[in-house]
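The values are calculated or read from the model by the stated rules, or taken from the named source; none is laboratory data. Keep in mind that what you see is a predicted model, and the values were worked out from it rather than measured. Here the Cβ is made from the backbone with ideal geometry for all residues, glycine too, and neighbour counts use every protein chain on show. When the accessible area is computed, the model is the full protein with side chains, heavy atoms only, and any ligands, DNA or RNA have been set aside. Shrake-Rupley method; radii C 1.70, N 1.55, O 1.52, S 1.80 Å.
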Amino acid sequence: METGDIAALARALRKREVSSRELTEATLQRIERLDPVLNAFITVTAGQALAAADAADRRLARGEATALTGIPIAHKDIFCTRGVLTTCGSKMLANFVAPYDAAIVERLAAAGVVSVGKTNMDEFAMGSSNETSFFGPVRNPWDPERSPGGSSGGSAAVVAAGLVPAATGTDTGGSIRQPAALAGITGFKPSYGRCSRYGMIAFASSLDQAGILARSAADAALLITAMAGFDPRDSTSVDAPVPDYVAALDRPLAGRRIGVPPQFFDAGLDPQCAARVREALQVFAGLGAEIVEVALPNLALSVPTYYIVAPAEASSNLARFDGVRFGHRSTAAGSLEELYKRSRQEGFGAEVKRRIMTGTYVLSAGYYDAYYLQAQKARQLIAGDLRRAFESVDVIAGPTTPTPAFRLGEKTEDPVQMYLNDIYTIAVNLAGVPGISIPCGFAGHLPVGLQLIGPAFDEATVLNVAHQYQLATDWHRRRPPQPAAARGAR
Ligand code: GLN
């Protein structure tokens with residue numbers, strides 16, 4: 001069964017036209033058929049999913065359902081899930097069964113959402129192609145020779161392939177928006193502090209934010225409403241009321257100001273991507289929005305700044321994986337020190353090691369001032385650019401990625417090429433503001449993403465502008481061709 005949009009599914013569930021068990025069984029069958037090609041799941045939790053579906057059906061029968069009760073979704077394998085393998089895409093955690101649920105997992109479960117499993121991802125969310133995963137790369141449903149992006153590549157692929165209507169993700173430098181763009185779906189990252197990081201395995205704590213990959217901004221609004229909110233267990237969670245994102249979707253665009261930074265249309269941007277984004281701006285203008293130029297003069301600093309700050313924080317966060325308390329433990333060690341060294345050597349992949357080494361270097365005595373401190377200053381400049389831009393516009397629009405989906409293996413030999421993929425997404429994380437990527441057309445057979453960025457804690461406007469675009473266009477309704485394995489199984 002092809003999954004439709006969430007509000008329609010919820011209506012069908014409430015009218016008892018379909019049960020959550022039927023939906024979940026159909027989802028599990030599709031996963032069995034399609035996932036051998038996609039490699040998008042690390043763990044499928046069929047038993048738990050069916051039990052949750054039955055509980056949802058009972059709740060629906062009692063008339064106590066929420067807008068999400070009985071809807072199947074998947075969680076990125078960075079979120080702790082009680083009693084379920086939680087690997088973070090790493091050999092280091094390939095045997096780790098989490099003893100508790102992450103806050104957003106808890107919140108979605110409380111709303112009655114049915115989790116069918118855990119999705120593949122770049123190791124510890126470090127990557128832009130899902131190729132750093134210990135569990136192998138994910139394939140893009142639009143073209144199995146290509147990457148679905150990363151690090152939330154599994155979550156993007158399962159939504160794009162129609163296995164589930166939505167999946168959770170995390171975005172530290174673009175890992176929700178970038179794969180959403182490459183897989184032709186909607187990916188939404190709220191403001192830093194909006195969703196609790198409790199139980200979300202830390203990569204770079206001052207940048208990490210949970211969000212959602214879905215078909216549409218309207219579906220994202222429904223899910224974020226359930227995920228957002230203050231949590232005393234996360235000291236950076238913000239204690240501010242969560243607005244009614246769903247109600248805000250319908251505000252008309254007339255009179256809205258959309259800022260376009262020329263820095264987003266640099267020489268690195270693929271001409272077809274540029275053309276699709278400019279066409280999208282015409283759609284906004286047709287809906288009554290005013291398109292104005294805004295400057296982000298320090299945008300070019302964002303990649304070097306991020307690749308100092310994020311590895312610095314990662315080197316500290318990943319120090320806890322030492323083979324002693326949990327995770328991979330080397331059996332070849334003769335001493336305690338050797339146990340630490342061998343466990344880390346065997347448990348981490350090349351990209352994670354690269355980040356730990358870079359991070360340790362930029363924090364070390366003698367280099368701290370030259371790198372880490374400078375990066376913190378550059379971060380303030382970048383955040384200041386965005387703040388100033390939002391004094392005169394409601395949202396900023398531009399491309400999400402410089403190119404459409406690239407081939408698997410195309411960028412793995414050159415980490416800097418891979419890092420440059422995040423050129424348009426990273427500033428948003430450095431500033432802590434919300435951003436969304438929505439489909440805006442194609443370059444050949446590959447989807448192109450349009451990015452919309454809003455001021456801090458104004459998720460409502462970002463979702464609203466994206467929704468108005470999706471009411472006027474149907475790019476978000478396009479589906480990839482059925483992969484060969486699925487055709488064969490018919
Ligand atoms: N691609 C970026 C990185 O490798 C961002 C990853 C993310 O957002 N988790 O760090």
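Assorted remarks:
- FRET efficiency, 1/(1 + (r/R0)^6) with R0 41 Å, evaluated for A254 and Q29 via beta carbons: 0.35
- Residues whose placed amide H lies under 5 Å from that of D101, excluding near-sequence neighbours: R82
- Extension gain for the segment E391 to S335, taken as residue separation times 0.36 nm less the Cα-Cα distance, is 14.3 nm to one decimal.
- Pairs of lysine residues in the chain - Cα separation under 23 Å, sequence separation of 8 or more or cross-chain: 11
- DSSP-assigned coil residues among GluC sites (Glu not before Pro) in segment 388-490, each with at most 10 further Cβ atoms within 10 Å: E391, E413
- The heavy atoms of W475 offer some 70 square angstrom of accessible surface to a 1.4 angstrom probe.
- Area of H476 that stays accessible when all protein chains are in place (1.4 Å probe, Å², to 10): 10 Å²
- With Cα atoms defining each centre, segment 1-47 and segment 166-205 are spaced 22 Å apart in the structure.
- Among F134, F326, F265, the sequence by solvent-accessible area, most first, with a 1.4 Å probe is F134, F326, F265.
- Counting charges near P252 (Lys, Arg +1; Asp, Glu -1) among other residues having Cβ under 15 Å from its Cβ returns a value of 0.
- Axial C-alpha extent at least 18 Å, average Kyte-Doolittle at least -1.0 - helices from the chain (DSSP): 20-38, 46-62, 271-286, 302-317, 350-363, 374-389, 459-472
- If R0 is 30 Å, the Cβ-Cβ spacing of Q282 and A247 corresponds to a FRET efficiency of close to 0.60.
- Cut-off 13 Å between beta-carbons: net charge of the residues surrounding G432, Lys and Arg +1, Asp and Glu -1: +1
- Carbon + sulfur, % of accessible area of the chain - ligands and nucleic acids excluded, 1.4 Å: 54 percent
- Directionally averaged shadow of the chain, computed from the convex hull of its alpha-carbon atoms, nm²: 22.2 nm²
- Normalised by the number of residues in the chain, the average gap of Cα pairs under 8 Å and 6 or more apart makes the relative contact order 18 percent.
- Neighbourhood charge, 10 Å Cβ-Cβ cut-off, centred on G169 and excluding it, Lys, Arg +1 and Asp, Glu -1: +2
- 3J(HN,Hα) along segment 168-175: 7, x, 10, 9, 9, x, x, 5 Hz, from the Karplus curve 6.51 cos²θ - 1.76 cosθ + 1.60 with θ = phi - 60°, whole Hz, x for Gly and Pro.
- Accessible area (Å², 1.4 Å probe, nearest 10) - V246: 60 Å²
- Distance (nanometres) between label positions extended 7 Å along Cα→Cβ at R233 and D474: 4.4 nm
- The shape of segment 1-75 comes out prolate: with a ≥ b ≥ c from the C-alpha gyration tensor, a/c is at least 1.5 and a/b beats b/c.
- Fully extended contour minus Cα-Cα distance, from Y367 to R325, at 0.36 nm per residue: 12.0 nm
- Protein heavy-atom accessible surface, 1.4 Å probe, per residue over the chain: 36 Å².
- Here the label points at E145 and V416, each 7 Å from Cα along the C-beta direction, are separated by 2.8 nm in the simple model.
- Each residue of segment 250-260 is assigned a 3J(HN,Hα), and the resulting list reads 7, 4, x, 7, 3, x, 5, 9, 10, x, 10 Hz, derived from the Karplus form 6.51 cos²θ - 1.76 cosθ + 1.60 (θ = phi - 60°), x at Gly and Pro.
- In a DSSP loop and with at most 12 other Cβ atoms within 10 Å, the GluC sites (Glu not before Pro) in segment 74-168 are E145.
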